[in-house]
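The values are calculated or read from the model by the stated rules, or taken from the named source; none is laboratory data. These figures come from a predicted structure and were not determined experimentally. Methodologically, a virtual Cβ is constructed for each residue, glycine included, from the backbone with ideal geometry; neighbour enumeration extends over all protein chains shown.
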């Protein structure tokens, strides 16, 4: 039985998303006492404060999954130098109503991938600002801006580039220690 449940929020809905591949691969690098879930965010309605008193089922489901987790990993692409709208929508839903945020106190990890050289760096910085407001202690180092090229993932979905796999193993080791330090 796993001692730590981690919700992995992937900011891309695309079936062949490189960020989903990254999320799946990095979860395989965790120790056995960690388990992972990937909450769905694509079926959430657009956030509307008028609906806070009676949230839709997908909103209740997301808040429940985040609430049951001991930590959260955000894996985000970069759209127009920021996070995707679907990710912002999920963050807004699970943080409301005011004072009832499912995110509060959850130790966070942030990473992302792109085909470009900066590997979602600007989106991650925007996300970190939100996490500070949400009272989520976020792992600061190492930062994980992953540039994906042909051959980054093998046919089984594992990280095929040894230097990238070694870096991500180090990231996961630091995140595991971060969760153990901050999870209540």
Worksheet item: Which condition breaks for residue 171 when tested against (1) in contact (Cβ under 8 Å) with a residue 24 or more places away in the chain; (2) in a loop (DSSP other than H, G, I, E, B)?
Response: (2)
Worksheet item: Among the residues of segment 137-152, how many are touching a residue at least 12 places away in the same chain (Cβ under 8 Å), in a loop (DSSP other than H, G, I, E, B) and closer than 17 Å to residue 171 by Cβ?
Response: 7
Discussion item. Going residue by residue through segment 44-60, is there one that turns out to be within 23 Å of residue 126 (Cα to Cα), crowded, with 20+ Cβ neighbours inside 10 Å, in contact (Cβ under 8 Å) with a residue 12 or more places away in the chain and within 13 Å of the chain's Cα centre (by Cα)?
Written reply: no
Practice prompt. Restricting attention to segment 61-74, report how many residues are closer than 25 Å to residue 14 by Cβ and without any contact (Cβ under 8 Å) to a residue 60 or more places away in the chain.
Written response: 5
Practice prompt. Inspect segment 20-28 for any residue being under 18 Å from residue 157 (Cβ atoms), at pLDDT 95 or above and not in a helix (DSSP H, G or I) and give the result as yes or no.
Written response: yes
Worksheet item: Is it the case that some residue within segment 107-122 is surrounded by fewer than 21 Cβ atoms within 10 Å (Cβ to Cβ), without any contact (Cβ under 8 Å) to a residue 24 or more places away in the chain and either part of a helix (DSSP H, G or I) or out of contact with any helix residue (DSSP H, G or I) (no Cβ under 6 Å at 6 or more places or on another chain) (or both)?
Response: no
Worksheet entry | Matching option when the condition is under 13 Å from the mean Cα position of the chain (by Cα), more than 20 Å from residue 128 (Cβ to Cβ) and touching a residue at least 24 places away in the same chain (Cβ under 8 Å), among 20, 40 | 20
Discussion item. For segment 32-43: of the residues being farther than 17 Å from residue 159 by Cβ and touching a strand residue (DSSP E or B) at 6+ places or on another chain (Cβ under 9 Å), which is surrounded by the fewest Cβ atoms within 10 Å (Cβ to Cβ)?
Written reply: 33
Worksheet entry | Sole exception among (1) touching a residue at least 60 places away in the same chain (Cβ under 8 Å); (2) within 14 Å of residue 70 (Cβ to Cβ) for residue 35, by number | (1)
Discussion item. When you check residue 84 against the structure, is it farther than 19 Å from residue 6 by Cβ and modelled with pLDDT of 95 or more, yes or no?
Written reply: yes
Fill in: Filtered residues of segment 134-184 (kept if within 17 Å of residue 118 (Cα to Cα), crowded, with 16+ Cβ neighbours inside 10 Å and touching a helix residue (DSSP H, G or I) at 6+ places or on another chain (Cβ under 7 Å))
144, 145, 146, 148, 152, 168
Worksheet item: Among the residues of segment 66-75, is there at least one that is over 28 Å from residue 180 (Cα atoms) and touching a helix residue (DSSP H, G or I) at 6+ places or on another chain (Cβ under 9 Å)?
Response: no
